[in-house]
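One structure is given here, and the rest of the page talks about it.
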Amino acid sequence: MAILDICRLGDPILRQKAEHVPKVSQKIKDLLVDLADTMYAAPGVGLAAPQIGVRKRVIVIDVGEGLLELVNPVLVSQTGSETATEGCLSIPGIIGDVDRATEVVVRGLNNKGRKVEITASGFLARALQHELDHLEGVLFIDKATNIREAPKEENGSEKEEG
Ligand code: NI
């Protein structure tokens, strides 16, 4: 549908809590398409609705295993702990090391409004936690250690960002 501008650090919407979506309406389906188009164009591996200026609990993720579209995602369980480097499309050029659970279970609704449960580990689990944080107004720099400028080669692979 449309590639939209991604809100940058300093935009207050990135610090606001997103609203529960009462129904997966056509408007929400269109939002999911815009989110995916914008994420792929960036390119990134995840994007949350507040990052395109929409304060709703809607995220998309694609870590190379196919597009995941989630409405009202909720983290229902998490295990393990692992530190790895992250970036964010809303904070370009900056990376940091973030401790995240290694395995998570997330429940939500898909683009048809059906309940889905996703069990994820590794990079997908990390991406889910990063996008869920966006819905709470939390950014990776709030949790990261060793925040630094992304080296040139990592700048070139912005696929690691959500
Ligand atoms: Ni992000």
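Read-outs throughout are calculated quantities, based only on the coordinates presented, and are distinct from any laboratory measurement. The shown structure was predicted, so the numbers you read here are calculated from the model rather than taken from an experiment. Note that we place each Cβ from the backbone using ideal geometry, even for glycine, and neighbour counts take in every protein chain shown.
With a ≥ b ≥ c taken as the square roots of the eigenvalues of the C-alpha gyration tensor of region 1-75, please select rounded if a/c is under 1.5 and otherwise prolate if a/b is larger than b/c or oblate if it is not?
Working: a/c = 1.39, a/b = 1.05, b/c = 1.33.
Here region 1-75 falls in the rounded category.
Assign unit charges at the C-beta atoms only (+1 for Lys and Arg, -1 for Asp and Glu), then state the dipole size of the chain relative to its Cα centre in Debye, rounded to the nearest 20.
Once rounded to the nearest 20, the dipole reads 800 debye.
Beyond a 29 Å Cα-Cα separation, which of these cross-linked pairs lie in this structure: Lys23/Lys143; Lys17/Lys115; Lys56/Lys143?
Flagged as over cut-off: Lys23/Lys143.
Equivalent-ellipsoid semi-axes (√(5λ), Cα gyration tensor) for the chain, whole Å, largest first?
So the three semi-axes of the chain are 23, 18, 14 Å.
Taking the simple approach of a point 7 Å from Cα along Cα-to-Cβ for both Asp97 and Asp30, what is their distance in nm?
4.5
Would you mind checking the radius of gyration and Dmax of region 42-115 based on alpha-carbon positions, in Å?
Cα only, region 42-115: 13.4, 37 Å (Rg, Dmax).
If I model a spin label at Glu136 and Ala2 as a point 7 Å from the Cα along the Cα→Cβ vector, what separation in nanometres do I get?
With each label placed 7 Å out from Cα toward Cβ, I get 3.1 nm.
Could you work out [θ]222 nm for the chain from helices alone, using -39500 (n - 2.57) per DSSP H run of at least four and dividing by all its residues? Round to the nearest 500 deg cm²/dmol.
Rounded to the nearest 500, the figure is -7000 deg cm²/dmol.
Please give, to one decimal in nm, the separation of the simple spin-label points placed at Leu9 and Lys143, each 7 Å out from Cα toward the Cβ.
With each label placed 7 Å out from Cα toward Cβ, I get 1.7 nm.
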